[in-house]
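Novice: My questions all concern the structure below.
The numbers here are math on the coordinates, done by the rules we state, and not lab data. Every value quoted in this text rests on a predicted model; they were computed, and no experiment measured them. Note that we place each Cβ from the backbone using ideal geometry, even for glycine, and neighbour counts take in every protein chain shown.
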Amino acid sequence: MPTVNAYAAPSATDPLVKTTIERREVGEHDVLIEIAYSGICHSDIHTVRGEWGTIAYPQVVGHEIVGTVAAVGSAVSKHSVGDRVGVGCMVNSCGECENCLAGEEQYCLPGNTGTYTGVDRDGTITQGGYSTHIVVVENFVLKVPESIPFEAAAPLLCAGITTYSPLSHWNAGPGKRVAVVGMGGLGHMAVKIAHAMGAEVTVLSQSLSKKDDGLRLGASHYFATSDPATFKELRNHFDLIINTVSAPLDINAYLKLLRLDGALVNVGAPPEPLPIQVFTLFNNRRTFAGSSIGGIRETQEMLDFCAQHGIASEVEVIPADYINEAYERVLSSDVRYRFVIDVATMV
Ligand SMILES: [Zn+2]
Ligand SMILES: [Zn+2]
């Protein structure tokens, strides 16, 4: 089995360290990818620190992966050596349940195989993208359009699809008023994508500190949620609210901002249950919903959409030995808007 360089968490409390891991041999349906860049998602930090449940260590995380195909199995037809490709949050699914058959592999009924901490088909625990190479079954490998710079493409594989999918499903577009709650890794992509879809975009952020960026990225309006006047002024206003914040919010205050048939969709994942006032849903026939990444077909659609509209992530490229410091900066919201590891520094 090929041994490759990686950065792994040795425990829930120790910093990530440089190490080596084994990748499986390239099977007939597999693609070997030489990784160029790997994004840092907040989920990576929750996972390695055991905040989303106990995991086995050492663990390599990272599910915003872009790189070049270095080898393909004998039965691979979708990808060739030299292709620019990407891998997101999942690397396999059952392929047979009704959700997989509908192209919504992220909702695979027996559960999709996560890019890290998942149980792979050979029984091993999947290891993610903070690594020089990865082997993935061809159906879960995306094509990254030439026009998107590699480093700016990496975060599209999680932050991009996580926001594109609900924006598309709830028909963000011309004539629709869309609010994005939170201006972080997910939020900045939601602003760009919703704007490119033709919607009128408003950012609802704790403060106005990122207002200039929000307007530059495509928002028409920017409000501070720390100001109670915001919630009076925007009452019954939005068709769609994408909530990217994982901290608990007064969700009823946001639901009241929805107009007739409006929907509030959570893509941030607060660890605690949220109290919902059902009468707030009665008014205006409002919907409260959740959404998780997107299927493979839709992820490709998102990449092609971003290429067509000339959009990608705003990134800060870092060397691998900066990962631990980057984690602390993500936790203090000190990044505009996504850290991306230059994997060449891992060799
Ligand atoms: Zn992620
Ligand atoms: Zn399935």
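Novice: Quickly run through region 35-49 and pick out the residues that are more than 22 Å from Gly123 (Cβ to Cβ) and either of a type outside the set (Ser, Thr, Tyr) or away from ligand 1 (no atom under 13 Å from the Cβ) (or both).
Specialist: Within region 35-49, Ile35, Ala36, Tyr37, Gly39, Ile40, Cys41, His42, Asp44, Ile45, His46, Arg49 qualify.
Novice: Evaluate the following for His79: is it within 14 Å of ligand 1 (Cβ to nearest atom), in contact (Cβ under 8 Å) with a residue 60 or more places away in the chain and in a loop (DSSP other than H, G, I, E, B)?
Specialist: Taking the combined requirement at face value, the residue does not satisfy it.
Novice: Let me ask something else about it. Within region 36-51, which residues are touching a residue at least 60 places away in the same chain (Cβ under 8 Å), out of contact with any strand residue (DSSP E or B) (no Cβ under 7 Å at 6 or more places or on another chain) and in a loop (DSSP other than H, G, I, E, B)?
Specialist: Those that are touching a residue at least 60 places away in the same chain (Cβ under 8 Å), out of contact with any strand residue (DSSP E or B) (no Cβ under 7 Å at 6 or more places or on another chain) and in a loop (DSSP other than H, G, I, E, B): Cys41, Glu51.
Novice: Would you confirm whether or not region 311-319 contains a residue that is over 20 Å from Met183 (Cβ atoms) and out of contact with any helix residue (DSSP H, G or I) (no Cβ under 8 Å at 6 or more places or on another chain)?
Specialist: Taking every residue of region 311-319 in turn, none turns out to be over 20 Å from Met183 (Cβ atoms) and out of contact with any helix residue (DSSP H, G or I) (no Cβ under 8 Å at 6 or more places or on another chain).
Novice: Output yes when any residue across region 87-96 is more than 16 Å from ligand 2 (Cβ to nearest atom), part of a loop (DSSP other than H, G, I, E, B) and either closer than 20 Å to Glu301 by Cα or of a type in the set (Asp, Glu) (or both), and no when none is.
Specialist: Checked against the condition, which is being more than 16 Å from ligand 2 (Cβ to nearest atom), part of a loop (DSSP other than H, G, I, E, B) and either closer than 20 Å to Glu301 by Cα or of a type in the set (Asp, Glu) (or both), region 87-96 yields at least one hit.
Novice: Considering only region 82-107, how many residues are hydrophobic (A, V, I, L, M, F, W, C) and either away from ligand 1 (no atom under 16 Å from the Cβ) or more than 28 Å from Glu151 (Cα to Cα) (or both)?
Specialist: The qualifying residues number 6.
Novice: Moving to a separate point now. Which of the residues that make up region 270-325 are part of a helix (DSSP H, G or I), of a type in the set (Val, Ile, Thr) and under 21 Å from the mean Cα position of the chain (by Cα)?
Specialist: Passing the criteria: Ile296, Thr299, Ile323.
Novice: Could I ask something else about it? So Gly128 passes all but one of these: (1) without any contact (Cβ under 8 Å) to a residue 24 or more places away in the chain; (2) within 18 Å of the chain's Cα centre (by Cα). Which condition number does it fail?
Specialist: (1)
Novice: Mind checking whether some residue in region 108-120 is over 22 Å from Glu34 (Cβ atoms), more than 16 Å from ligand 1 (Cβ to nearest atom) and in contact (Cβ under 8 Å) with a residue 60 or more places away in the chain?
Specialist: Looking through region 108-120, none of the residues is over 22 Å from Glu34 (Cβ atoms), more than 16 Å from ligand 1 (Cβ to nearest atom) and in contact (Cβ under 8 Å) with a residue 60 or more places away in the chain.
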